[in-house]
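The values are calculated or read from the model by the stated rules, or taken from the named source; none is laboratory data. For clarity, every value in this text was computed on a predicted model and none was experimentally measured. Glycine gets a Cβ as well: all are built from the backbone with ideal geometry, and neighbour counts include every protein chain shown. In case anyone asks, the SASA skips ligands and DNA or RNA and just uses the protein heavy atoms, side chains included. Shrake-Rupley method; radii C 1.70, N 1.55, O 1.52, S 1.80 Å.
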Amino acid sequence: MQFQNLGQMFFSRRDEIPERNAYRFKKEKWTSINYRDAVNRAELIATGLLNNGIAKGDKVALISNNSLEWALIDYATISIGALLVPVYPSLIPDQVGYILNHSGASIVFVQDDIQMDKVDSVKTKLEYCKQYICIESGYTRENWQNLETLESDATESLQKKPQIITEHIN
């Protein structure tokens with residue numbers, strides 16, 4: 001089968017090989033996620049991005065170490081035609097601010113409170129970035145959203161319009 005883009009290829013796996021392991025990762029212990037569940041989560045994240053006004057051509061920044069969520073945010077971003085701006089988590093705050101400004105990112109995902117601190121320290125200098133999401137649960141701050149909340153809020157939108165993301169992919 002020919003795919004027009006990576007989003008199509010990734011989302012096709014949910015129907016073709018739903019039970020096959022898509023990712024194997026370690027949090028507290030080694031675990032796996034199958035394609036059905038991985039694509040479903042990426043679809044929720046993509047819907048959450050649309051709900052937050054992210055559209056084709058917009059830039060989505062991601063400051064995180066390699067993780068399952070990194071991959072899912074990447075697939076969610078490309079699935080709606082937005083562009084991912086990966087940012088090394090080892091960069092200092094001024095470098096993070098420079099990349100966020102010069103990329104034109106309008107939303108940023110960060111891994112944890114350490115990355116939140118970096119973004120918070122340059123937030124007043126950011127021209128375009130107005131939405132902030134923390135990947136790891138348990139971290140809450142004013143003007144920050146949590147990835148779990150983004151996914152949870154997207155569930156209702158996806159139930160109302162189940163094809164919202166597949167329409168963007170094609």
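As for the stretch 128-135, it holds no residue that is at pLDDT 95 or above, surrounded by fewer than 22 Cβ atoms within 10 Å (Cβ to Cβ) and under 19 Å from VAL39 (Cα atoms). If you go through the stretch 136-170 and keep only what is open to solvent by 70 Å² or more (accessible area, probe 1.4 Å), under 20 Å from ASN65 (Cβ atoms) and part of a helix (DSSP H, G or I), you end up with just GLU148. Selection of the stretch 84-100 for residues being open to solvent by less than 30 Å² (accessible area, probe 1.4 Å) and either in a helix (DSSP H, G or I) or under 13 Å from CYS129 (Cα atoms) (or both) yields VAL85, VAL96, GLY97, LEU100. Being open to solvent by less than 30 Å² (accessible area, probe 1.4 Å), part of a loop (DSSP other than H, G, I, E, B) and in contact with a strand residue (DSSP E or B) (Cβ under 7 Å, 6 or more places away or on another chain) is a condition met by at least one residue of the stretch 58-71.
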